[in-house]
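> First, the structure itself, so that you have it in front of you.
Readers should treat all values here as calculations from the given coordinates under stated rules, not as data from a laboratory. Note that this is a predicted model, so its numbers are computed, not measured. Note: ideal-geometry Cβ built from the backbone for every residue, glycine included; neighbour counts use all protein chains shown.
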Amino acid sequence: MKFGIIPPKEEERDEVEEMALRLQEEAKIKPYEHMNLEALKEAEDEFDEADEQAIEKYRSQRLAEWQAVQRKRKFGELIELQGDEYVKQITYAGKEIWVVLHLYRPGIPMCTLVNHHLTELAKKFPETKFMKAIANICIPNYPDKYLPTIFIYFEGQLKARFIGLECGGPDLKMKELEWKVANTGAVKSDYEENLQKSVVNLMTSSIRDCSLQYFHESDQTEG
């Protein structure tokens, strides 16, 4: 009887290889998951059809994230506008960009108050561009009686304005100014939503009170 080397069982080898390959495949990271938008565009011909749908979904996700980051990084402070920057900063502010511009003059208490509130609002709403400009530098011979003045633009177009007392009185609170700005669409504020709920609740309460009073008077008449 000849004794030779017993070959390994083919089934066991195949099973081990299959498990190893499966583990390797599961551990793989799709190459497009580490690519930026430019790299995705350059390499899109290298992917097979099975990846196209996933790539498109991933590209949309990366684009949305990038746009969100750009909006937040772009602003976040009350920016001083120089006279010769109006066209660049306002007219060509960009697509879907809101700009809140405050015309002021140093030494006017109400202007100082508005600047203080806008500084805080700029931090709270970094996706909106908040700016201030000395009135006479921005608009020559602009009358002090119109100060403070707030202009609100969207994509370079004037959408709203608050002149003088329309901005508020000496006791103006930041949340009141926030509501005024939010009411134009320049920011998304909880105060606006809460105010709408308060109005609805007030109307509902008034209707309920009127109904109760009506039925009470009707009962007294019938009695």
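> Using DSSP to define loop residues, name the chymotrypsin sites (Phe, Trp or Tyr not before Pro) in the range 79-140 whose beta-carbon has at most 11 other beta-carbon atoms within 10 Å.
TYR92
> With r as the distance between the Cβ atoms of LYS74 and LYS145 and R0 = 25 Å, compute the FRET efficiency 1/(1 + (r/R0)^6) and round to 0.05.
Given R0 = 25 Å and the Cβ-Cβ separation, E is 0.15.
> Using a simple spin-label model with points 7 Å from Cα along the Cα→Cβ vector, what separation in nm is obtained for LYS175 and LYS95?
3.8
> If you don't mind, there's one more thing I want to ask. Which of the peptides 114-122, 161-169 is most tightly packed, and how do the rest follow, going by the mean number of other Cβ atoms within 10 Å of each residue?
Working: 114-122: 19.0, 161-169: 14.9.
The peptides rank, most packed first, as 114-122, 161-169.
> Taking 22 Å as R0, compute the FRET efficiency from the Cβ-Cβ separation of THR112 and GLU85 and round it to 0.05.
0.45
> Also, quick follow-up: Write out the trypsin sites (Lys or Arg not before Pro) in the range 95-146 meeting two conditions: DSSP loop, and at most 14 other Cβ atoms within 10 Å of their Cβ.
Taking the range 95-146 and a limit of 14 other Cβ atoms within 10 Å, the loop trypsin sites (Lys or Arg not before Pro) found are LYS95.
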